[in-house]
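Beneath this line is the structure, given in structure tokens, with notes to follow.
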Amino acid sequence: MKLSTKSRYALEGMLYIAVYGKDKLLSIKEIAAGTTVSPAYMEQIFFTLKKAGLVSTVRGAKGGFALGCPENEITVGTILRAIDGNLVPVPCAASLSACKSKVRSNCVSRNVWIRISQAISDTADKQTLEMLKNQFIQEGEGAENENIH
Amino acid sequence: MKISTKGRYGLRAMIDLAINSSEGCTSLADISHRQDLSLNYLESIFSYLKRAGLVVGIAGAQGGYMLAKPADEITLYEIMTVLEGSMSVYDSFGEETKIRSFLNRNVWDVIDKNVNEVLTGTTLADVLKNMETSRLSGDCSGL
């Protein structure tokens, strides 16, 4: 039951902007280097994120990417859904009509898939980019202090 | 993020077996008919379930399969890991950058933990009980 690498890279790119893009716009090259993802692939991912309104671009010499909405309004779930469409491991959990089985109206297992989907969404929809950013910075400071002492 | 047909059909077959195992064993032909699943595919799925010790096969004219343990001792976690392998939402890949390992620990592992809680905390007997409850509440809604 794996998430696409594309959606994982998308979250990495978004967190990178939230952490390092505070004072300046970041280019795809910088984001790709910071996340060790190929620039061409990151560009494709950011094209999708831009269409979803999650990032915005500024043209020009000092141009680049910035978050498209406030970081406390962007959740992990929003980013994953923008890339993968939905967060359900079995299509029927999102819509019963996605199931072509003759016995779908008496399905014995759909409830299990719905509960698994809820467990995934509950976590993904609770975590905002702001929370992750603060936690990431805090962890980094902790690690730096350890090095000093 | 997808669960394969093997995982989806296999769980359906296990629930069907649990529902219909009160009177001895159930033939795959019956499960195939009730669940609208191909017999060939069920045979291949049941060879995995049998090897994993979740079902036992009984040979003969009246033969078929039954659960190897009581339904309240078989968790969804056992069934799904036999059918799907790891239920984790991610594999480790690429260089372990700071951001990647941070997200592994703080996002993906948390999702895995919550999914595993559902899977380990639910037995086949619980699934049957939930079906009964929703059937009863469905009946009441018509009153």
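The values are calculated or read from the model by the stated rules, or taken from the named source; none is laboratory data. Worth saying up front: this structure is predicted, and the values here are computed from it rather than measured. Neighbour counts are summed over all protein chains in view; Cβ atoms, including those assigned to glycine, are modelled from backbone coordinates with ideal geometry.
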Selected residue (only one of A:100, A:126, A:62 is within 24 Å of residue B:121 (Cβ to Cβ), charged (D, E, K, R) and out of contact with any Asp or Glu (no Cβ under 8 Å at 6 or more places or on another chain)): A:126
Some residue of segment A:80-92 being more than 21 Å from the chain's Cα centre (by Cα), farther than 30 Å from residue A:46 by Cβ and facing chain B (nearest Cβ under 8 Å): no
Single residue of segment B:83-93 satisfying the filter (more than 9 Å from chain A (Cβ to nearest Cβ) and free of Cβ contacts under 8 Å to residues at least 60 places away in the same chain) that is surrounded by the most Cβ atoms within 10 Å (Cβ to Cβ): B:85
Conditions (1) touching a residue at least 12 places away in the same chain (Cβ under 8 Å); (2) within 8 Å of chain A (Cβ to nearest Cβ); (3) more than 24 Å from residue A:125 (Cβ to Cβ); (4) of a type in the set (A, V, I, L, M, F, W, C); number of the one not met by residue B:67: (2)
Test: residue in segment A:38-46 that is in contact with a strand residue (DSSP E or B) (Cβ under 7 Å, 6 or more places away or on another chain) and within 14 Å of another protein chain (Cβ to nearest Cβ): no
Among the residues listed as A:11, A:26, A:3, the single one being within 14 Å of another protein chain (Cβ to nearest Cβ), in contact with a strand residue (DSSP E or B) (Cβ under 6 Å, 6 or more places away or on another chain) and surrounded by 14 or more Cβ atoms within 10 Å (Cβ to Cβ): A:26
Listing of helices (runs of 4 or more DSSP H) fully contained in segment A:12-115 that carry 2 or more residues being closer than 21 Å to residue A:126 by Cβ: A:76-84
Filter pass, residue A:97 being facing another protein chain (nearest Cβ under 9 Å), of a type in the set (Gly, Ala, Ser), over 29 Å from residue A:28 (Cβ atoms) and over 13 Å from the mean Cα position of the chain (by Cα): no
Spans of helices (runs of 4 or more DSSP H) in segment B:1-56 with at least 3 residues within 11 Å of another protein chain (Cβ to nearest Cβ) and over 30 Å from residue A:7 (Cβ atoms): B:5-19, B:28-35
Condition check for residue A:112: among the aliphatic types (A, V, I, L, M), facing another protein chain (nearest Cβ under 8 Å) and out of contact with any Leu (no Cβ under 7 Å at 6 or more places or on another chain): no
Residue selected from segment B:72-86 under the condition over 13 Å from residue B:118 (Cα atoms) and hydroxyl-bearing (Ser, Thr, Tyr), by the criterion modelled with the lowest pLDDT: B:86
Which listed residue, of A:130, A:141, is more than 10 Å from chain B (Cβ to nearest Cβ), of a type outside the set (A, V, I, L, M, F, W, C) and touching a residue at least 60 places away in the same chain (Cβ under 8 Å): A:130
Residues of segment A:18-60 that turn out to be out of contact with any helix residue (DSSP H, G or I) (no Cβ under 7 Å at 6 or more places or on another chain) and aliphatic (A, V, I, L, M), as a count: 4
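Conditions tested, residue by residue: (1) more than 9 Å from chain A (Cβ to nearest Cβ); (2) among the acidic types (Asp, Glu); (3) closer than 22 Å to residue A:80 by Cα; (4) surrounded by fewer than 17 Cβ atoms within 10 Å (Cβ to Cβ).
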residue	(1), (2), (3), (4)
B:95	no, yes, yes, yes
B:100	no, no, yes, no
B:126	yes, yes, no, yes
B:137	yes, no, no, yes
